[in-house]
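J.: If you scroll down you'll find the structure; I have some questions about it.
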């Protein structure tokens, strides 16, 4: 078994490669919540499409110019309130702010629908 560790500002990503079968399993560890939020991404072989086991928690990073407007977008897109939102970072000059949104998605269609609704909102600069 081979393990690769990659550090990003908010996530530790552990990748375990099972050499006898070629499977890859990715665990995302969120440093803000100090817990594993997502362990639902699997890849069978390096050249194949990623398989995501639903339902699972999914995180979106939303970037805009005003935190209150980003929060309003989230309430508009997810009115039932089934999410966690955590302030992330500000740009060096304070023009942009980011927020991490974590919510459970039932399937790929819902995951893409939420992404599109956030991305196409006028108060959002970027979503990842």
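No lab work stands behind these numbers, since they all come straight from the coordinates. The structure presented is a predicted model; accordingly, all values stated were derived computationally and were not measured. Note: ideal-geometry Cβ built from the backbone for every residue, glycine included; neighbour counts use all protein chains shown.
J.: Tell me, in nm to one decimal, what length is gained between residue 51 and residue 104 on full extension, where the rule is 0.36 nm per residue of separation less the Cα-Cα distance?
T.: 17.4 nm
J.: Let me ask you something else. At what distance in nm do the modelled label points of residue 125 and residue 95 sit from each other, each positioned 7 Å from its Cα along Cα→Cβ?
T.: 0.7 nm
J.: Shape call for the range 56-127 from the C-alpha gyration tensor, a ≥ b ≥ c root eigenvalues: rounded (a/c under 1.5), prolate (a/b greater than b/c) or oblate?
T.: Here the range 56-127 falls in the prolate category.
J.: Moving to a separate point now. Do you know the relative contact order of the range 64-107, to the nearest whole percent, from alpha carbon pairs under 8 angstrom that are 6+ apart?
T.: 41 percent
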